[in-house]
1. Identify, by number, the condition in (1) more than 17 Å from the chain's Cα centre (by Cα); (2) at pLDDT 90 or above; (3) on the phi < 0 side of the Ramachandran plot; (4) surrounded by fewer than 18 Cβ atoms within 10 Å (Cβ to Cβ) that residue A:14 doesn't meet.
2. Is at least one residue of the stretch B:16-26 within 14 Å of another protein chain (Cβ to nearest Cβ), surrounded by 13 or more Cβ atoms within 10 Å (Cβ to Cβ) and touching a Phe, Trp or Tyr at 6+ places or on another chain (Cβ under 7 Å)?
3. Looking at residue B:41, is it more than 30 Å from residue A:77 (Cα to Cα) and in contact with a strand residue (DSSP E or B) (Cβ under 9 Å, 6 or more places away or on another chain)?
4. Just a yes or no: is a residue in the stretch A:39-54 under 30 Å from residue A:108 (Cα atoms), open to solvent by 50 Å² or more (accessible area, probe 1.4 Å) and either facing another protein chain (nearest Cβ under 9 Å) or at pLDDT below 95 (or both)?
5. Please name all residue pairs, on different chains or six or more residues apart, with Cβ atoms under 9 Å, provided the first residue is in the stretch B:9-28 and is closer than 23 Å to residue A:209 by Cβ and the second residue is open to solvent by 20 Å² or more (accessible area, probe 1.4 Å) and in a helix (DSSP H, G or I).
6. Return yes when residue A:201 is of a type in the set (Gly, Ala, Ser) and more than 14 Å from chain B (Cβ to nearest Cβ) and no when it is not.
7. Hand me the list of strands (runs of 3 or more DSSP E) wholly inside the stretch B:1-91 holding 2 or more residues that are hydroxyl-bearing (Ser, Thr, Tyr).
8. Among the residues of the stretch A:218-227, which ones are open to solvent by 40 Å² or more (accessible area, probe 1.4 Å) and either in a loop (DSSP other than H, G, I, E, B) or under 20 Å from residue A:46 (Cβ atoms) (or both)?
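The values are calculated or read from the model by the stated rules, or taken from the named source; none is laboratory data. It should be emphasised that the depicted structure is a prediction, and the values quoted were computed from it without experimental measurement. Cβ placement follows ideal geometry from the backbone for every residue including glycine, while neighbour counts extend to all protein chains displayed. For the accessible areas, the whole protein counts, side chains as well, though only heavy atoms, and no ligand, DNA or RNA atoms are used. Shrake-Rupley method; radii C 1.70, N 1.55, O 1.52, S 1.80 Å.
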Amino acid sequence: MAEETTIETTTTTATERAEAPKMAKPLILGRKVGMLQHFRDDGSVVAATVIAVESNLVTAVRTKEKDGYAAVQIGFGQVADKKMSRGERGHLKDLPALKHLREVRVDDVSGFAKGQRIGADRFAPGDRVHVVGTSKGKGFQGPVHLHHFSRGPKSHGSDHLRRQGSVGSGTTPGRVLRGLRMAAHQGVDRVTVKNLEVLRADPGRSLLVLSGAVPGARNSIVMVRKA
Amino acid sequence: MPMNDVLKTLASEQQKAEVPEIRPGDTVAVSVRVVEGNRERLQKFEGTVLRVRNGGLDEQVTVRRIASGVGVERTFLVHSPRVEKIEVTRHGHARRAALYFLRERVGKSATLKEKRR
């Protein structure tokens, strides 16, 4: 193994924060860092995605009595104070400025409190996780790219290279049926990839290494949840 | 901490500390871990390096040898734990990066001159 270069951890808070209670299905927010290869112990190689999960804090607790539902709000992604609106800042109060907030429904919120920490140590190698992210934008795409329609002939005066074929019958029904697949915007969708394996969990550096690919571009925000 | 540093650091943790410099045309002996049933042994694969694909952790070498009259090419991931050791036994003189022309050659014409030091 090569020399162990230590990555300094970006601690978001000077004061030590309490650990949030365990969740039945731990959830953590992170940022896609990029991909590399991973050698398993048996020597096989898998494609892996690195997720940075630093500064996950409980930012609010929703209770059945007060809000009508039980949930924990988790914040991620520290930014400069001036990057947030006064309202966002006020919601977080004394917590660091966290740009991304998500709520997780939990059965029991007892023990949860604002400011508690959620770290990568909730995941262990071998765990199966679902990852939710926003896919890369592809722009307005034609039917061939979007729905895998066949293309028309390239030559002999074809005016049909990448067009779709007929969109319906004639006078009856006299309209195009709803939901017919046509050219449309593609990408920037919420996508869930299921059952990825946790290859490495590094609480010290706040990193998760998962098997396979994860939706979205580098630096995009993803949600990792135990399957 | 910049993003690329994270990837580089994670990659370097999986990389082997010492890997000899391998160039196209070199003759190398690659010791590979082979699992037979529940027994593991080392197998040597010795031949000429046709091509080296650099890429840090993903570095690959393609080795060609003539085994029982048949040309065999194997591509190894240099940093794979299954590759126990790579020894360079001879430095061949090659003027290109991919020596695919060796595939058409047999016998003496498939050998490269020793590199002048």
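1. Result: residue A:14 passes all but (2).
2. Within the stretch B:16-26 (the criterion being within 14 Å of another protein chain (Cβ to nearest Cβ), surrounded by 13 or more Cβ atoms within 10 Å (Cβ to Cβ) and touching a Phe, Trp or Tyr at 6+ places or on another chain (Cβ under 7 Å)), the answer is no, since none of the residues qualifies.
3. Taking the combined requirement at face value, the residue satisfies it.
4. Looking through the stretch A:39-54, none of the residues is under 30 Å from residue A:108 (Cα atoms), open to solvent by 50 Å² or more (accessible area, probe 1.4 Å) and either facing another protein chain (nearest Cβ under 9 Å) or at pLDDT below 95 (or both).
5. B:11/B:56; B:11/B:58; B:12/B:56; B:15/B:56
6. So residue A:201 fails the test.
7. Correct list: B:27-36.
8. The answer is A:218, A:219, A:226, A:227.
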